[in-house]
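Quick note: the coordinates plus some simple rules give every number you see, no bench work behind them. Quick caveat, the model's predicted, so the values are computed rather than measured. Neighbour counts run over all protein chains shown; Cβ positions are idealised from the backbone, glycine included.
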Amino acid sequence: MGPSILLENVSLTLEGNQILAPISAEITAGRLHILVGPNGAGKTSLLKSLLGLMPHKGEITRHWPNQTSPLDSNKLLPAYIPQQPRFDAVLPVTTEDYLAAIISPRPLFFRQSSKVRKCVAALLEQVGLNDKSGLQLGQLSGGERQRLMFAQALYRNSTLWFLDEPMTGLDGDGQVLITELICQLKAKEHTLVIVHHDMTFVHQHADNVLLIDGGLKSMGTAHTVLGRHNQVQEVA
């Protein structure tokens, strides 16, 4: 099971502008939490604060189930998928090479072991890129790059996931595949925090919804937070 996350007066101010008013809340363990709100409301900023990537104030504490020592939580690094993954279009690295470099310290110009090649093949199969293994990163579409980021994150075998608009650039088949992967992670009681704008997805899959608009405006089930039609349109 993934961890719970406790936020205590978490706020964010950049260049004198308050991005997030103080937020105190608990993100419960092993559930799918979705951040919704208008564009520019601070959803990505909150996600990055949870990751430790933004200079926020306040306390963010992760509590891991069955933790046996203070060092255990340090070994469980989160999986993070940004909204728009970027790759150097001229980098002469194939999709297969990219994953192999993450899995093995062996230089790319050496032949990888059969174990590494099998692991790479399995990851590409999971995200529907098994037929793209020989393409260079610059040849991948935006949706294919998003799938590759999922493959990289799956290799981490983390139980804590942060996803920023995970459907960005994906075609219909890709959205179905990534939705299935997210549901599988949820079924395994991983803790997932997702920025999402598709209210149909939110209603169908969220265990908890946080409405963000310069701070935490509301928190609860999708029915509670997004129950009124005009509110659904407002945050979409």
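Considering amide H positions built from the backbone, and no H for Pro or chain starts, which residues 5 or more places from Ile19, or on another chain, come under 5 Å of its amide H?
Excluding prolines and chain starts, which carry no amide H, the hits are Leu12, Thr13, Leu14.
If you line up the long axis of helix 114-126 against the longest principal axis of the chain, both from Cα atoms, how many degrees apart are they, to the nearest 10?
Relative to the chain, helix 114-126 is tipped by roughly 50 degrees.
Taking only C-alpha pairs under 8 Å that are 6+ residues apart, what is the relative contact order of the chain in percent? The partial results should precede the final answer.
Numbers: 431 pairs, mean separation 72.5, N = 236.
Dividing the mean separation by the residue count of the chain yields 31 percent.
Under 5 Å between amide hydrogens, which residues at least 5 positions from Met167 or on another chain qualify, with H placed 1.01 Å from N in the peptide plane?
Close amide H contacts, sequence-distant or interchain: none at all.
Would you mind pulling out the separation of the Cα centroids of the stretch 1-57 and the stretch 170-213, in Å?
If we compute the Cα centre of each part, the gap is 17 Å.
Shape of the stretch 117-206 from its Cα gyration tensor (a ≥ b ≥ c, root eigenvalues): rounded if a/c is under 1.5, otherwise prolate when a/b > b/c, or oblate?
Values: a/c = 2.11, a/b = 1.39, b/c = 1.52.
It comes out oblate by the Cα gyration axes.
Taking the Cα centre as origin and putting +1 on Lys and Arg beta-carbons and -1 on Asp and Glu beta-carbons, what dipole magnitude results for the chain, to the nearest 20 debye? Could you put the intermediate results ahead of the total?
Numbers: 20 positive and 21 negative charges, 129 e Å.
Result for the chain is approximately 620 debye, rounded to the nearest 20.
Using Cα-only point scatterers and the Debye equation, what is log10 of I(q)/I(0) for the chain at each q in 0.14 Å⁻¹, rounded to two decimals?
Treating every Cα as an identical point scatterer, log10 I(q)/I(0) equals -0.96.
In terms of modelled amide H atoms, which long-range or inter-chain residues lie less than 5 Å from the amide H of Ile194?
Residues meeting the criterion, in which the H sits 1.01 Å from N, are His33, Ile34, Leu35, Leu163.
How large is ³J(HN,Hα) for each residue in the stretch 160-165, as worked out from phi by the Karplus curve 6.51 cos²θ - 1.76 cosθ + 1.60 (θ = phi - 60°), to whole Hz, x for Gly and Pro?
10, 10, 10, 10, 10, 6
How far, in degrees from 0 to 90, does helix 142-156 lean away from the longest principal axis of the Cα atoms of the chain, to the nearest 10?
It works out to around 90 degrees.
With contacts defined as alpha carbon pairs under 8 Å and 6 or more residues apart, what's the relative contact order of the stretch 103-209 in percent?
23 percent
Putting +1 on Lys and Arg Cβ atoms and -1 on Asp and Glu Cβ atoms, find which of Met1, Ile194, Gly172 reaches farthest to the positive end of the dipole of the chain.
Farthest towards the positive pole: Met1.
Could the peptides 32-42, 12-22 be put in order, highest first, of the mean number of other beta-carbon atoms found within 10 Å of their residues?
Working: 32-42: 19.9, 12-22: 13.8.
Put in order of decreasing packing, that is 32-42, 12-22.
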